[in-house]
1. If the chain between residue 190 and residue 159 were fully stretched, how many nm would it gain, using 0.36 nm times the residue separation less the Cα-Cα distance?
2. Between residue 263 and residue 134, what is the FRET efficiency for a Förster distance of 51 Å, r being their Cβ-Cβ separation, to the nearest 0.05?
3. For segment 20-295, what relative contact order do you get, as a whole percent, if you take Cα pairs closer than 8 Å and at least 6 residues apart?
4. So, R0 is 22 Å and r is the distance between the beta-carbons of residue 221 and residue 201; what FRET efficiency does that work out to, to 0.05?
5. For segment 190-245 and segment 1-57, write down the distance between their C-alpha centroids in whole Å.
6. Run the dipole for the chain about the Cα centre, Lys and Arg Cβ at +1, Asp and Glu Cβ at -1, nothing else charged, and hand back the magnitude in debye, nearest 20.
7. Lys/Arg Cβ at +1, Asp/Glu Cβ at -1, dipole of segment 20-295 taken about the Cα centre: which of 163, 75, 48 is farthest positive-ward?
8. Note down the Stokes-Einstein diffusion coefficient of segment 27-138 in µm²/s, whole number, using a Kirkwood radius over alpha carbon pairs, 20 °C, and 1.002 mPa s.
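What follows is calculated from the coordinates using simple rules that are stated; it is not laboratory data. Small disclaimer: the values here were computed from a predicted structure and weren't measured. Note: ideal-geometry Cβ built from the backbone for every residue, glycine included; neighbour counts use all protein chains shown.
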Amino acid sequence: MAALIKRDPELDRIRWIDNVPFWGVHVAAAVGLALVGFSWLGVALCVGSYAIRMFGITGGYHRYFSHRAYKTSRAGQLVLALLGVIATQKGPLWWAAHHRNHHKYSDQPEDIHSPRQRGFWWSHMFWILVERHKRADLSKVKDLTRYPELVFIDRFEILFTVAYAVVLYLAAGPIGLVYGYFLSTVILWHGTFTINSLSHVWGKRRYQTTDDSRNNWVLAIITGGEGWHNNHHHYQRAARQGFFWWEIDTTYYVIKVAQALRLVWDVHDVPRHVRDGVEAPGRARLGESGDDEPAERLAA
Ligand SMILES: [Zn+2]
Ligand SMILES: [Zn+2]
């Protein structure tokens, strides 16, 4: 077990200078919109850029890198890392390492972003902005650090995101930059962050997991299916988070199409007895293995 996280004014200090780009993207979106005005092309670029990168986070960083819920080729893995890194949420190793910690200690004192432990805004975004979480504990992602291309992307993540913004500018000028990057990124950030904040306080609990995770269809729509967060905490190994046909999960639909095209395989479904049961096998899998890597990976 990791030691209980002790509050520390230095480690929990918000790094205002380091985080100027974070606030700067918000300001650039607002000022940029005022300067370029309304544009339907801009709206289309904003939505398209959001959808592609949200999949990079949900289908890539979350379901593939953090949970290994399906398999793909090394080239496929690289594409997922690139789609994720342009979402400007740091690199795949940083993201997966912190996320595995969240599942291991969900809503316990060791959880790095729990609204129960440290309040809503901490879980929503302040945890990202403090000294303590600047770097990831790479011992939690040993299954990923053996790929040099992933280590490279993780280390130089800012270059990829800047390149993405430049491409949007070259393709569509100021409209491309303001709508396709700045505005889209702000919405994408806060859309993603709701899964750490709102998904632990707002919605229904189908399963009596040991955390406060909830299912919420509104959050599921804006996050490509991640709003079925109580389902996910109940059984984190599944590539699907909507466990029933009426639980819309667009990330899962994309994965299924990729599977039909043989781009991905071994797509892990939720077993019927788990779906219809009340115990939470997902959390036990990580906790009992004595390691933070997904159990199936360790056995390989
Ligand atoms: Zn959670
Ligand atoms: Zn997860």
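1. Values: separation 31, 0.36 × 31 = 11.16 nm, distance 2.19 nm.
Residue separation times 0.36 nm, minus the Cα-Cα distance, leaves 9.0 nm.
2. On the way: r = 34 Å, r/R0 = 0.67.
After rounding, the FRET efficiency stands at 0.90.
3. About 23 percent, as a whole number.
4. The computed FRET efficiency comes out at 0.75.
5. Distance between centres, Cα-based: 22 Å.
6. On the way: 34 positive and 27 negative charges, 51 e Å.
That gives a dipole near 240 debye.
7. Checking the options against the dipole of segment 20-295, the answer is 75.
8. 135 µm²/s
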